[in-house]
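Worksheet: one structure, shown below.
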Amino acid sequence: MAVILAINGSYRAGGVTDQVVEVMTRSLKEFGAEVETVFLRDYPIEFCLNCRVCTQQPGEAPGKCVLQDGMTGLIEKIERSDGYILASPTNVGTATAIFKRFMERLAVYAYWTWGMKSPQYRKIKQPKKKAVLVSSCAAPGLIGRLFFNTVKELKATAKTINAQPVGTIFTGLVASAPRHEISAKVKAKSRVLALKLL
């Protein structure tokens, strides 16, 4: 049975990102996957201290962070999962601040001793897992994908945890109403993309 972890960086409960992730997770459960969704807006993660203690520790396992908070458990969830849904709406042209806070704490996946010119990904020699990327914006979706940084940051997140994106859904024009309901077309695409994780 596949274990899928959805990491949702949306601020708005019931918004477009939540709706897309919900369609995906429901579809995966219908096909027998074990699915968990982490809402970063409710998750106890502190800001990275940039102390780099976690990056000094050798080996393929994630380094140990000096902060004792919810990220420890989230790293364990990432490690035991077979695939991921990485989701963040677009705020001011990029991923949300809470998703970026999560991204920064993924420094544990880098080996970077003092004096090294650049970090090494700890998992690079291991088989890649799968990820589906989810985002939205007020602009038309094509413009959002081409000119905003959200998808780029979701891809960077996938690479850090050794996952290969197998699909992206980017919903545009989501500011047309206070409560935007995703279309049947978006729901259908969400289902198709979700099943690529199996």
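Scanning the stretch 32-48 for residues that are part of a loop (DSSP other than H, G, I, E, B) and surrounded by 14 or more Cβ atoms within 10 Å (Cβ to Cβ) yields 33, 43, 45, 48. Looking only at the stretch 63-85, decide whether some residue is among the aromatic types (Phe, Trp, Tyr), under 27 Å from residue 145 (Cβ atoms) and at pLDDT 95 or above. Yes, the stretch 63-85 has at least one match. Taking residues in the stretch 2-20 that are over 14 Å from residue 84 (Cβ atoms), and partners anywhere that are buried (at least 20 other Cβ atoms within 10 Å of the Cβ) and among the aromatic types (Phe, Trp, Tyr), the pairs with Cβ atoms closer than 9 Å and at least 6 places apart or on different chains are 10/99. Flag: residue 142 does not match the condition of being more than 14 Å from the chain's Cα centre (by Cα), at positive phi and not charged (D, E, K, R).
The conditions of being modelled with pLDDT of 95 or more and either in a strand (DSSP E or B) or in contact with a helix residue (DSSP H, G or I) (Cβ under 8 Å, 6 or more places away or on another chain) (or both) are not met by residue 182. Kindly provide the set of residues from the stretch 120-136 that are touching a Phe, Trp or Tyr at 6+ places or on another chain (Cβ under 7 Å) and loosely packed, with under 15 Cβ neighbours inside 10 Å, ordered by number. Correct list: 120 only.
So is residue 115 closer than 20 Å to residue 6 by Cβ and either more than 13 Å from the chain's Cα centre (by Cα) or of a type in the set (Asp, Glu) (or both) or not? No, not satisfied. With the requirement that a residue be exposed (fewer than 15 other Cβ atoms within 10 Å of the Cβ) and either of a type in the set (A, V, I, L, M, F, W, C) or at pLDDT 95 or above (or both), what does the stretch 139-148 give you? Within the stretch 139-148, 142, 143, 146, 147 meet the criteria.
The values are calculated or read from the model by the stated rules, or taken from the named source; none is laboratory data. Note that the structure is predicted; figures quoted are calculated from it, not measured. We place every Cβ from the backbone using ideal geometry, glycine too, and count neighbours over all the protein chains shown.
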